[in-house]
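The values are calculated or read from the model by the stated rules, or taken from the named source; none is laboratory data. Please read these numbers as outputs of a predicted model, since none were measured by experiment. For neighbour counting, all protein chains shown are included, and Cβ atoms are generated from backbone atoms with ideal geometry for every residue, glycine included. All accessible areas refer to the heavy atoms of the entire protein, side chains included, with ligands and DNA or RNA removed. Shrake-Rupley method; radii C 1.70, N 1.55, O 1.52, S 1.80 Å.
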Amino acid sequence: MPARTAPKTAARSVSSRSPKKAVASPKARKPSKLAKVAKAAQKVAKAGKAAVKKVAPKKKVAAAKTYGAAAVKTAVKQAGEWARDELAQVTAKMPLRRKQFVTDSGVPIPDVMTLADRRDEQAERIGLPGQFPFTRGVQPTMYRGRLWTMRQFAGFGTPEDTNKRFKYLISHGMTGLSTAFDMPALMGYDADHAMSRGEVGKEGVAVSSLRDFEVLFDGIQLDKVTTSMTINASAIVALCMYIAVGEKQGIPMAKLAGTIQNDMLKEYIAQKEWIVAPRPAVRIVTDMIEFCTKHMPKWYPVSISGYHIREAGATAVQELAFTLADGIGYVEECVKRGLDVDAFAPQLSFFWDVHNDFFEEIAKFRAARRIWANVMRYRFGAKNPRSWQLKTHAQTAGVSLTAQQPYNNVVRTALQALAAVLGGTQSLHTNSLDETYALPTEESVTIALRTQQLIAHESGVDRVVDPLAGSYYVEYLTDEMEKRALEYIRRIDEMGGIIRAVEEQYPQKEIGESAYRFQREVEQGDRLIVGVNAFKADKDAPIEILHIDEKVAEEQKARLAQVKAERNNEAVQAALAKVEAAARGTENMVPSVLEAVKAYATLGEICDVFRTVWGAYREGGAF
């Protein structure tokens, strides 16, 4: 599920630091949950349980290494001779550009890789597409069967404005709606609230009541599209409004398909858009997972998001680790509630950032699938193969876009999109060249969509499944990403889990250090960014920018006033009282919020109930 617009420079991004910082354990170290998972996985590997469609294969076979001893011995000899002869001779005349080459996450890159470097590789850890541990993809056919869903983030101004943009993109081949909401909606305020001044409709569509949702999806049959909604703190309200619009169209909620981001843990880690404290916020997320599991089988109630973690300055390894830790946290909360892991796990989805380090990004997708498959199968005991699968959306890196020489952003986006496809994403958003300045224009968003269509229909990558499998370098990076991410997750387990880690601001501090190091590298010239600190232009050509008229706020406030004047206020107050009772108790909150939405209680009124019950959250500083 997409994030909103990128910052105005390339200053905030990832560092080349690898995770080394030790975390003190409050107790004497004992085997973590993750260590137990790893041990169980090793036992399975030795027994040869290759888990394809059945949890327990009938026949046990020894785990096979990809390369035989004789081939490895030959490769070691050849690599040594190459280093002594060809490499030494060339570097004596022309030294390498750097003393050491590393990925953006700090993973060392050897001079050359051979099968000798993969001597311990086990074929089953790579596997085949559609088979456990899904390193090569969650579907056997991948894009030979169906292309990834092409989503372009849309949402600005009034609901009428965004409705027109939806229809424009659909007419140009977009295959899924993706909705951005403005800051007031994201923070739980109506358009007429003092906190909304100057922000209504500016970075997403303005919505305050069900009436706005009715306009937003006017003329769009909700059973004919999949819809993604990027909203978190007030996600429960948005989901209920979408359900209510579907009912008005005669479409039951069971037939609605789509995703709502609803990942509150990453808000405290990175994006910083919240209403209440972490624990009650996660309670609401769990309510939504439970409700959708029972009533909305085609809906993904949470998109566990690494995107914002990366955009805040994390490395790829940190993005991988903290995102999967968030996912583990949500699963733990659902299991504590008594939910069957195989009932809800297939409806969990993920969302990754795709940055500039091409091969590291591809390896991140592969490592993520393998880690998640093992965690779900061995840590949580999931038996349904669909519960083991990490299904994901991806978006090119907004933080990599630059205000300087903005047309360079088209190239950056194309490279990142290709990495996402080679990594095996299920859906993709490509950023527009002008998003460092404002929400994209129709022209720029069309170029971004055409980028995906060119990759899909002209590059040939859709014709082959996981073409990089077996690459010495890609498999090495996949292993390294996995190893380093698991170390982070082990530390978080020792701290008592991700919610506790977030409360102690551990991920926040790690990301802050990485962001600082990245910025220092840019300012010292150790990291070159084309058009920013290298290959500068004296003058950039002007580009068209989308401007949001201030009258949008007045139009929204007028519609809101009309809604409040026409609705049954007694019914509204009664419904809000039920929301408060549910919040103070233990019953699932979705039904009461849905009732309030149908009575035309506003987004702000419902979120005010949350503030009344749990208090408004304020984060302390972390240095």
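Restricting attention to segment 402-431, and to residues there that are part of a loop (DSSP other than H, G, I, E, B) and over 29 Å from L348 (Cβ atoms), which single residue is most open to solvent (accessible area, probe 1.4 Å)?
In this case the residue turns out to be Y407.
The conditions are (1) open to solvent by 40 Å² or more (accessible area, probe 1.4 Å); (2) in a helix (DSSP H, G or I), and I499 fails exactly one of them. Which is it?
Single failed check for I499: (1).
May I ask you to list the residues in segment 307-348 that are among the small types (G, A, S), within 16 Å of the chain's Cα centre (by Cα) and open to solvent by less than 10 Å² (accessible area, probe 1.4 Å)?
Within segment 307-348, G313, A314, A316, A321, A325, G327, G329 qualify.
Answer with yes or no whether V532 is under 30 Å from V102 (Cα atoms), in contact with a helix residue (DSSP H, G or I) (Cβ under 9 Å, 6 or more places away or on another chain) and either crowded, with 17+ Cβ neighbours inside 10 Å or charged (D, E, K, R) (or both).
On the way: under 30 Å from V102 (Cα atoms): yes; in contact with a helix residue (DSSP H, G or I) (Cβ under 9 Å, 6 or more places away or on another chain): yes; either crowded, with 17+ Cβ neighbours inside 10 Å or charged (D, E, K, R) (or both): yes.
Answer is yes for this residue.
Among the residues of segment 349-399, write down those that are open to solvent by less than 10 Å² (accessible area, probe 1.4 Å) and either without any contact (Cβ under 8 Å) to a residue 24 or more places away in the chain or over 17 Å from T425 (Cβ atoms) (or both).
Across segment 349-399, the qualifying residues are V375, M376, A382, S387, W388, V399.
Name the single residue, out of those in segment 137-193 being small (G, A, S) and farther than 30 Å from G604 by Cβ, that is modelled with the lowest pLDDT. Quick ask: steps written out before the conclusion?
Start the filter on segment 137-193 by keeping residues that are small (G, A, S), which leaves 137, 145, 154-155, 157, 171, 173, 176, 178, 180, 185, 188, 191.
With the extra rule that they be farther than 30 Å from G604 by Cβ, the set shrinks to 137, 145, 171, 173.
Numbers: G137: 97, G145: 96, S171: 89, G173: 83.
Among those that are small (G, A, S) and farther than 30 Å from G604 by Cβ, it is G173.
Please return the ranges of helices (runs of 4 or more DSSP H) entirely within segment 159-266 where 2 or more residues are open to solvent by 10 Å² or more (accessible area, probe 1.4 Å) and either acidic (D, E) or at positive phi (or both).
159-171
Pick out the one residue from E458, E442 that is free of Cβ contacts under 8 Å to residues at least 12 places away in the same chain and over 24 Å from A321 (Cβ atoms).
E458
G525 versus (1) at positive phi; (2) of a type in the set (G, A, S); (3) touching a residue at least 40 places away in the same chain (Cβ under 8 Å): which is the lone unmet condition?
For G525, the failing item is (3).
So which residues in segment 467-487 are over 26 Å from A325 (Cβ atoms) and in contact (Cβ under 8 Å) with a residue 12 or more places away in the chain, if there are any at all?
Those that are over 26 Å from A325 (Cβ atoms) and in contact (Cβ under 8 Å) with a residue 12 or more places away in the chain: P467, L468, A469, G470, Y472, Y473.
Could you say which residue among V563, V530 is within 28 Å of G306 (Cα to Cα), among the aliphatic types (A, V, I, L, M) and in contact (Cβ under 8 Å) with a residue 60 or more places away in the chain?
Only one candidate qualifies: V530.
Anything in segment 91-121 that is assigned to a strand (DSSP E or B) and exposed (fewer than 13 other Cβ atoms within 10 Å of the Cβ)? List them, or say none.
P108
Here is a check on your reading of the model: is R151 among the basic types (K, R), outside any helix (DSSP H, G or I) and surrounded by 24 or more Cβ atoms within 10 Å (Cβ to Cβ)?
It is true that R151 is among the basic types (K, R), outside any helix (DSSP H, G or I) and surrounded by 24 or more Cβ atoms within 10 Å (Cβ to Cβ).
Can you tell me which residue among A561, A541 is in contact with an Asp or Glu (Cβ under 8 Å, 6 or more places away or on another chain) and surrounded by fewer than 21 Cβ atoms within 10 Å (Cβ to Cβ)?
A561
Any residue at all in segment 449-457 that is surrounded by fewer than 20 Cβ atoms within 10 Å (Cβ to Cβ), in contact with a helix residue (DSSP H, G or I) (Cβ under 6 Å, 6 or more places away or on another chain) and more than 25 Å from Q318 (Cβ to Cβ)?
yes
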